[in-house]
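Here the structure is laid out as structure tokens; the discussion comes afterwards.
Every number in this text was worked out from the coordinates using simple rules, so none of it is lab data. Please read these numbers as outputs of a predicted model, since none were measured by experiment.
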Amino acid sequence: MRKLYSKGISLLLVLVFLLSICIPASATMISTRASNYLNKYDGVVTREGGGTIKISFTVIGTRVIDEIGASQIVVEKQSGSYWIPVKTYNNTKNPELSTTNDYSYANYVLYNGVAGTVYRAEITVFGNTDYRTITTSSQRA
């Protein structure tokens, strides 16, 4: 009986020790926020038919910020194992890519490509002074 009691106490101490290791790790969790200005962002290329593709993006800020959206969208076509830029949209020539004094923004551009060609896009999203570039998955036009 004494041996069983001793093993029980030892097992209990080991469990307490293991559980106490987990507590400090949870106290130092890093925020899942993308940055001080950007909370989430995403982009996607979809086929519209007849060689046209739609490049959509969504940017969600951490709060209402001065300027939010996409600063640049570079459409690329696949050529063998390479990606070749074929069209660049920027928010200077395309002001509809961004907005001011808002919490989030979503929009799209259409690109008239060649049917059967594979395209993707590199989208640079931003919130105030924080810029992030994402590459979409590829899509056959």
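Observations
- The Rg/Rh ratio of the range 38-140, with Rg taken over Cα atoms and Rh as the Kirkwood radius over Cα pairs, comes to 1.00.
- Within straight-line cross-link reach of LYS54, aspartates and glutamates at Cα separation under 18 Å, skipping those fewer than 8 residues along the same chain: ASP42, GLU76, GLU96, GLU122
- One chain, two ends: THR117 and VAL86. Fully extended at 0.36 nm per residue, the span grows by 10.0 nm beyond their Cα-Cα distance.
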